Amino acid sequence: MGEILSQVFVLPVRIALIATAIILILLWIVTIIWVNRDAKTRDAPATFWTIVAIIPVAGIVAYCLLRPPLTNADATEQDMSLELMSRQLAEYGNCPSCGQPVDKDYVVCPTCRTKLRNVCGRCKRPLEPHWVACPYCGAPTAKQNR
Ligand SMILES: [Zn+2]
Ligand SMILES: [Zn+2]
């Protein structure tokens with residue numbers, strides 16, 4: 001009876017230990033594969049880092065600390081998104097009255113009806129404040145008339 005009891009108690013413990021070991025081994029393999037792929041995208045020596053990653057825990061920690069910060073592709077992508085953002089900022093401004101974002105060629109703020117820029121008297125296109133003539137139809141602007 002005592003033998004059966006000890007077997008019943010030991011079996012789940014064994015299964016749990018084996019399951020934990022399998023999970024840890026799978027995680028270890030996944031981290032090795034991840035390091036290999038990540039090193040390749042970062043122009044790091046992939047073979048070297050894969051060998052380092054084989055050292056459990058210490059390998060992956062070392063890689064995370066020492067890997068190159070960004071790939072060339074990532075860096076250019078970041079530059080591009082920054083450029084795009086600054087362009088969008090130039091394209092869209094904020095209404096001086098209510099602070100809502102407004103498009104570059106808005107004539108009136110759609111939120112508070114503040115007049116944002118002059119329009120051409122003839123073709124009704126939006127004009128920059130320093131323009132003395134409408135570039136679309138050639139009509140002189142109010143600035144020239146003044
Ligand atoms: Zn407004
Ligand atoms: Zn015009």
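Projecting the Cα atoms of ALA39, TRP28, GLY59 onto the charge dipole of the stretch 2-69 (Cβ charges, centred on the Cα centre) puts ALA39 farthest toward the positive pole.
Between VAL119 and THR41, the distance separating the two model label sites (each 7 Å from Cα on the Cα→Cβ line) works out to 4.9 nm.
Look at the dipole of the stretch 92-145 built from charges on Cβ: of PRO110, TRP131, CYS120, the Cα furthest out on the positive end belongs to CYS120. Taking 0.36 nm per residue of sequence separation and removing the Cα-Cα distance, the ALA19/GLU128 pair yields an extension gain of 32.2 nm.
May I ask you to compute the full-extension gain from LEU27 to LYS104, defined as 0.36 nm times their residue separation minus their alpha-carbon distance, rounded to one decimal in nm?
Working: separation 77, 0.36 × 77 = 27.72 nm, distance 5.20 nm.
Result for the pair: 22.5 nm of gain on full extension.
Relative to the Cα centre, the charge distribution of the stretch 92-145, modelled as +1 at Lys and Arg Cβ and -1 at Asp and Glu Cβ, gives a dipole magnitude of about 180 debye.
Is the C-alpha gyration tensor of the stretch 92-145 telling us rounded, prolate or oblate? Criteria: a/c under 1.5 is rounded; beyond that, a/b larger than b/c is prolate, otherwise oblate. Prolate, since a/c reaches 1.5 and a/b exceeds b/c. The simple spin-label model puts a point 7 Å past each Cα toward its Cβ; for VAL61 and GLU77 those points are separated by 2.9 nm.
FYI, it's all coordinate maths here, none of it is from the lab. Just so we're clear, the structure is a prediction, and the values are computed from it rather than from any experiment. We place every Cβ from the backbone using ideal geometry, glycine too, and count neighbours over all the protein chains shown.
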